[in-house]
Amino acid sequence: MIMKTDYHIHTSLCDGKDLPEDIVKTAIEKGFGIIGFSGHGYTAFDNSYCMSLKDEAEYFNTITALKNKYKDKIKILCGIEQDYFEPKPMNNYDYVIGSVHYVKVDGEYIPIDESKEVFKALISDNFGGDFEALAKVYFESVGNLLNEVEADIIGHFDLITKFNEVLNICETEKYLNYAFSAVQKLIPAQKPFEINVGAMTRGYKKSPYPSEKILKEINRLGGKIIITGDCHNKEWLGAYFEQAKELAKKCGFKTALYLTENGFEEYCL
Ligand SMILES: [Zn+2]
Ligand SMILES: [Zn+2]
């Protein structure tokens, strides 16, 4: 495919750095053919990095206006990244990325991707220092994702590994079994898994989500992929996409998907 695309983009209306229009202008300069915004949908228990109801209304109206304003230069889709624990989108979006960002412990929602300090405390205070025990709970939610969120795309499947490199945590056999069982549950719905480079652009990881071993399992079971940036800063639009493609090919994928206003299309890697 010659056209550049990205469908996982955050703006300053949630936890991204840039205004939607500035992102559109940068995407045009960088030669993108289609971009999709995916703000963090309203989540009642987290108003720090998700949009408030007011912000989400503004988000929807702003992106809808930009679609029209730039229609001769770039195709813009208005999507949403909807969390597992707040599964109903507020508006009629072009597409939904379904993601698990929290584990629920004693009625409290604790983010797994906020900082390495919060993550370390989560493991030691709530899981007796056992990363695998946390992974078990996390992947139970991930495996159940499509029963809760009517998602078109499965977001950053193994987000729980965001701090693995800095904290020296490895993928053990037990860990992989929890992950593989979530893959198996998601496969029948035939929704694409993201290859998401968000932790690379932000300096946490040297490889995308999901890991090579998990991608090979997705491929072995006939799953599809879509390459996304999880972009929080317009400077990084399109960064590391070549590495993501190389990894996909190494894991056996011959094709990946892209999304148009008429649904998913497939291209050769
Ligand atoms: Zn996310
Ligand atoms: Zn995101």
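Derivation of every value follows stated rules applied to the coordinates shown; laboratory data play no part. In this text, all values refer to a predicted model and were calculated from it rather than measured experimentally. Here the Cβ is made from the backbone with ideal geometry for all residues, glycine too, and neighbour counts use every protein chain on show.
Look at V103, V197 and count the other Cβ atoms within 10 Å of each Cβ; fewest to most, that gives V103, V197. Selection among S207, H232, H40 by position relative to the dipole of the chain gives S207 as farthest towards the positive end (Cβ unit charges, Cα centre).
DSSP assigns beta bridges within the chain; of those with both partners inside it, close to 30 percent run antiparallel. Charge tally for D125 (other residues, Cβ to Cβ under 15 Å; Lys, Arg +1; Asp, Glu -1): -2.
Tally Lys/Arg at +1 and Asp/Glu at -1 over every other residue whose Cβ is under 10 Å from the Cβ of E86; what's the total? Once positives and negatives cancel, what remains is -2.
Tell me, Y258, Y70, Y267 in order of fewest to most beta-carbon neighbours within 10 Å?
If I rank by nearby Cβ atoms, fewest first, I get Y267, Y70, Y258.
Legend: ranking of residues M3, M51, M200, M90 from fewest to most surrounding C-beta atoms inside 10 Å; resulting order M3, M90, M200, M51. Entry note, the chain: relative contact order of 18 percent, from Cα contacts under 8 Å with a spacing of 6+ residues. The simple spin-label model puts a point 7 Å past each Cα toward its Cβ; for T172 and T64 those points are separated by 5.1 nm. Only helices enter this figure: runs of n ≥ 4 DSSP H residues, each worth -39500 (n - 2.57), summed and divided by the residues of the chain, yield -10500 deg cm²/dmol at 222 nm to the nearest 500. Directionally averaged projected area (the chain, Cα convex hull): 12.9 nm².
In straight-distance terms, cross-link reach from K67 covers every one of the lysines whose alpha-carbon lies under 30 Å from its own, apart from those fewer than eight places away in the same chain; here that gives K4, K17, K25, K30, K54, K75, K88, K191, K224, K234, K245. Between G222, Y95, I23, the Cα set farthest toward the positive side of the dipole of the chain (charges on each charged residue's Cβ, about the Cα centre) is that of G222.
Charging the Cβ of each Asp and Glu at -1 and of each Lys and Arg at +1, and nothing else, the dipole of the chain about its Cα centre rounds to 960 debye. Cα-based values for region 134-261, radius of gyration first and Dmax second, are 13.9, 42 Å.
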